[in-house]
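This report concerns only the one structure given below.
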Amino acid sequence: MPTYETLPRFTRDLEHLTPDQRYRFRRTVAAFVDDLRTGRQFRPGLRVKRVQRAARIYELTWSMGTGPAGRATFEYGAEVRPGTPHVIWRRIGTHDILTGP
């Protein structure tokens, strides 16, 4: 199972999401974690890609129902357990978070 941590800004962003948006994020993260655990490429529906002009930072995009798509930014940190990816969640919200990923 991959390890993770959240930056304070991610925690503040998360508090501003609706309960339904948080639920959709948790459901998306379950698929994300499954792909990390199995070591295969991320499934296309997760839309994981590098953030332009931000070295080492990636974004994960998913549907939040009506309105703009949800996005979370993350980076890989030093392994906490050998051979296990460590994810650092940076921001969560809509496209607006990409101005300061």
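Worth pointing out:
- Residues within segment 34-58 that are open to solvent by less than 40 Å² (accessible area, probe 1.4 Å), among the β-branched types (Val, Ile, Thr) and over 11 Å from the mean Cα position of the chain (by Cα), tallied: 1
- Condition met for Thr84 (assigned to a loop (DSSP other than H, G, I, E, B), surrounded by fewer than 16 Cβ atoms within 10 Å (Cβ to Cβ) and touching a Pro at 6+ places or on another chain (Cβ under 9 Å)): yes
- Counting only residues that are polar (S, T, N, Q) and not in a loop (DSSP other than H, G, I, E, B), segment 50-80 holds 2 of them.
- Residues within segment 12-25 that are exposed (fewer than 15 other Cβ atoms within 10 Å of the Cβ) and modelled with pLDDT under 95, tallied: 5
- Close pairs from segment 76-96: first over 15 Å from Phe10 (Cβ atoms), partner surrounded by 15 or more Cβ atoms within 10 Å (Cβ to Cβ) and of a type in the set (D, E, K, R), Cβ under 8 Å, at least 6 apart: His95/Arg71
- Only one of the listed residues (Thr73, Thr61, Thr28, Thr66) is of a type in the set (Val, Ile, Thr), out of contact with any Ser or Thr (no Cβ under 7 Å at 6 or more places or on another chain) and open to solvent by 80 Å² or more (accessible area, probe 1.4 Å). That residue is Thr66.
- Residue within segment 1-11 that is farther than 24 Å from Pro82 by Cα, open to solvent by less than 70 Å² (accessible area, probe 1.4 Å) and either part of a helix (DSSP H, G or I) or acidic (Asp, Glu) (or both) present: yes
Yes or no, residue by residue, for (1) aliphatic (A, V, I, L, M); (2) in contact with a strand residue (DSSP E or B) (Cβ under 8 Å, 6 or more places away or on another chain); (3) not in a helix (DSSP H, G or I):
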| site | (1), (2), (3) |
| --- | --- |
| Asp13 | no, yes, no |
| Leu17 | yes, yes, yes |
| Arg26 | no, no, no |
| Leu36 | yes, yes, no |
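The values are calculated or read from the model by the stated rules, or taken from the named source; none is laboratory data. Predicted model only: the values in this text are computed from it and were never measured. Cβ atoms come from the backbone with ideal geometry, glycine included; neighbour counts cover every protein chain shown. We work out accessible area using only protein heavy atoms, side chains counted, and drop any ligands, DNA or RNA first. Shrake-Rupley method; radii C 1.70, N 1.55, O 1.52, S 1.80 Å.
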